[in-house]
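Please read the structure below before turning to the comments.
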Amino acid sequence: MSSPAEVRIPECARKHEAGTATGQNFPDSFYAPFLSEVAKSRQPSPIRSLLPLEATPGLLSLLAGKPNPTTFPFTSFSFTASAPPTEEGHGGGEDVALSLTGADLAAALQYGPTGGMASLVDWLVKLQQTVHGRSPGEGWTLSVGSGSQDLLSKAIIALLNPGDPVLVQSPVYAGVIPLFHSLHCEQIEVDADADGISSVSLRTILEGWPAEKPKPRVLYTIPYGGNPTGATATLARRREVLQLAREHDLLIMEDDPYYYLFYDTGPRAPSYFAMERADASCAGHPTGRVLRFDSISKILSAGMRIGFVSGPAPLVRAIDAHTATANLQPASLTQAVAAKLLAAWGHDGFLRHTHGVSAFYRAKRDVFEAAMQRHLAGLAEWAPPQSGLFFWFKLLLPGEGDSAQIVRTEAFERGVLALPGTVFLPNGRTSAYVRAAFSLLSAEEVDEALRRLRETVLAVKAASTT
Ligand SMILES: Cc1ncc(COP(=O)(O)O)c(C=O)c1O
């Protein structure tokens, strides 16, 4: 079985078989202090909580108001998908023709389980086993959501009470800041640099935390290709962060939509989800501090809106309980399409596909980097991203440097749009940084966009000296 790149999971963990790890999982009672009041008081959906009973052999269910699928107009869904590249990395052969008919079609058109369609969940659980060394039945579970954003927002509501402090890697994905903000959480910024989240910054915050103030219980981090920085946390940093989580009793929200885009082909650092299990096998630490978020958005389709959360059952159940009352479930149709494709490709085929995707973006990153050198050398500073879809660069501006006005007005007027760094800072302070997405533009368009940005910066600099 090929893997995305060799993952540095320790030998003792590689050898461990399901159920033989020496470390224990935390008991369910461990999570009670981590769950928010909202999560604890959420009542189970009276209908959805009974749905699993419908599978009882011989039972006649009068339970749910499921519409009769014979009244639905769809008679089949047929689609084609490219075959994954070969083992040697060559492009796939003929497209694979797939269709949803019979029982697959009925499931695709009907209400389904809150945490996702069984066929898709089973496939994803095996993926986590292959990629992260986490065997099913070892105190963790997996649920599908309408994109990882859906699961992240529900996890935040399940873990944080209004006003709680939360540790947030900074700069951070602008899509989570409003989630913490709407709960009036105190966002404690943990610095990040080209080596990912700074464990020194995390230690300083935790060790200097005032004794009279309730300590944060949650750390949010993006380990691969941080959005916006593109930086990936080194193995040493990850080890220290996990150790700090143990010392200070933290849960880690590992938001990892760029895991499969990692550009280096050499050995790679394991996820926190993998590391905590490896430590259970090697050092006997209990497992269950990591709630991991994956997404198919960057590798299969963003519009299908499928993400999945893996982690301790009491936390995933709290997310499911929210789904059961908010949107009932992720869409059955897109889950059925994904399940069909993934079953046809197999795990090997999926991983070969992700290699192809990462190679595609690596080439785009290199084109962008070359254009940065041509147009912005001496006008900006940057570290090339190791994963993800973004370049994060600091404009070398006079004074403190604030990119907001330049990006929003001056650059836009010259025909180029990007995001100013301030939107990625939980406390919204000014920033000289800019985030530029390199996923879509052609080499010619990139060249022109960065030429326009160069003109903008030169004009701003000239204006400041007159
Ligand atoms: C760090 C991060 N987390 C989560 C998401 C949301 O992804 P999804 O499409 O799975 O909801 C994104 C999207 O760009 C992201 O960059």
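Scanning the stretch 394-415 for residues that are crowded, with 19+ Cβ neighbours inside 10 Å and of a type in the set (A, V, I, L, M) yields LEU395, ILE406, VAL407, ALA411. Filtering LEU235, LEU333 for residues that are at pLDDT 95 or above and within 19 Å of the chain's Cα centre (by Cα) leaves a single hit, LEU235. Per this entry, GLY346 is not counted among residues that are more than 16 Å from the ligand (Cβ to nearest atom), in contact (Cβ under 8 Å) with a residue 12 or more places away in the chain and surrounded by fewer than 17 Cβ atoms within 10 Å (Cβ to Cβ). Quick check on the stretch 276-286. Is at least one of its residues in contact with an Asp or Glu (Cβ under 7 Å, 6 or more places away or on another chain) and more than 11 Å from the ligand (Cβ to nearest atom)? Yes.
Condition check: surrounded by fewer than 20 Cβ atoms within 10 Å (Cβ to Cβ), hydroxyl-bearing (Ser, Thr, Tyr) and part of a loop (DSSP other than H, G, I, E, B). Does SER439 satisfy that? It is true that SER439 is surrounded by fewer than 20 Cβ atoms within 10 Å (Cβ to Cβ), hydroxyl-bearing (Ser, Thr, Tyr) and part of a loop (DSSP other than H, G, I, E, B). All of (1) of a type outside the set (A, V, I, L, M, F, W, C); (2) closer than 24 Å to ALA437 by Cβ; (3) open to solvent by less than 10 Å² (accessible area, probe 1.4 Å); (4) at pLDDT below 95 hold for THR265 with one exception: (3). Please verify whether the stretch 131-141 includes one or more residues that are in a helix (DSSP H, G or I) and buried (at least 20 other Cβ atoms within 10 Å of the Cβ). Yes, the stretch 131-141 has at least one match. Of all residues in the stretch 281-289, one or more are modelled with pLDDT of 95 or more and within 17 Å of the chain's Cα centre (by Cα).
Considering (1) in a loop (DSSP other than H, G, I, E, B); (2) away from the ligand (no atom under 16 Å from the Cβ); (3) open to solvent by 10 Å² or more (accessible area, probe 1.4 Å), say which one ARG317 fails and leave the rest. Every condition holds for ARG317 apart from (1). Does SER146 meet the test of being over 30 Å from ARG203 (Cα atoms) and away from the ligand (no atom under 16 Å from the Cβ)? For SER146, the condition - over 30 Å from ARG203 (Cα atoms) and away from the ligand (no atom under 16 Å from the Cβ) - is not met. Of the residues making up the stretch 290-300, those that are more than 14 Å from LEU251 (Cβ to Cβ) and within 13 Å of the chain's Cα centre (by Cα) are ASP294, SER295, ILE296, SER297, LYS298, ILE299.
Could you list all residues from the stretch 420-436 that are part of a strand (DSSP E or B) and touching a helix residue (DSSP H, G or I) at 6+ places or on another chain (Cβ under 7 Å)? Passing the criteria: PRO420, TYR433, VAL434, ARG435. Condition check: buried (at least 20 other Cβ atoms within 10 Å of the Cβ), in contact (Cβ under 8 Å) with a residue 40 or more places away in the chain and on the phi > 0 side of the Ramachandran plot. Does GLY196 satisfy that? Considered against the rule, which asks whether it is buried (at least 20 other Cβ atoms within 10 Å of the Cβ), in contact (Cβ under 8 Å) with a residue 40 or more places away in the chain and on the phi > 0 side of the Ramachandran plot, GLY196 comes out as yes.
The listed residues are LEU251, LEU167, LEU183, LEU219, and the only one of them that is touching a residue at least 60 places away in the same chain (Cβ under 8 Å), under 20 Å from ALA318 (Cα atoms) and away from the ligand (no atom under 11 Å from the Cβ) turns out to be LEU251.
Cβ-Cβ distances below 8 Å connect the following pairs, each with a first residue in the stretch 368-393 that is open to solvent by 50 Å² or more (accessible area, probe 1.4 Å), a second residue that is within 16 Å of the ligand (Cβ to nearest atom) and assigned to a strand (DSSP E or B), and a separation of six or more residues or different chains: TRP382/PHE391; TRP382/TRP392; PRO384/PHE391. Can we say PRO136 is more than 16 Å from the ligand (Cβ to nearest atom) and modelled with pLDDT under 95? It is true that PRO136 is more than 16 Å from the ligand (Cβ to nearest atom) and modelled with pLDDT under 95. If you filter the stretch 421-436 down to residues that are crowded, with 19+ Cβ neighbours inside 10 Å and over 22 Å from the mean Cα position of the chain (by Cα), you find that the one that is nearest to THR229 (Cα to Cα) is TYR433. Among residues of the stretch 149-164 being within 15 Å of the ligand (Cβ to nearest atom) and not aliphatic (A, V, I, L, M), the one that is most open to solvent (accessible area, probe 1.4 Å) is GLN149. Picking from residues in the stretch 93-117 that are open to solvent by 60 Å² or more (accessible area, probe 1.4 Å) and in a helix (DSSP H, G or I), the one that is farthest from ARG277 (Cα to Cα) is ALA103.
The values are calculated or read from the model by the stated rules, or taken from the named source; none is laboratory data. A quick note: this is a predicted structure, and the numbers were derived from the prediction, not measured. Note that we place each Cβ from the backbone using ideal geometry, even for glycine, and neighbour counts take in every protein chain shown. Remember, those area values only see protein heavy atoms, side chains included, never the ligands or the DNA or RNA. Shrake-Rupley method; radii C 1.70, N 1.55, O 1.52, S 1.80 Å.
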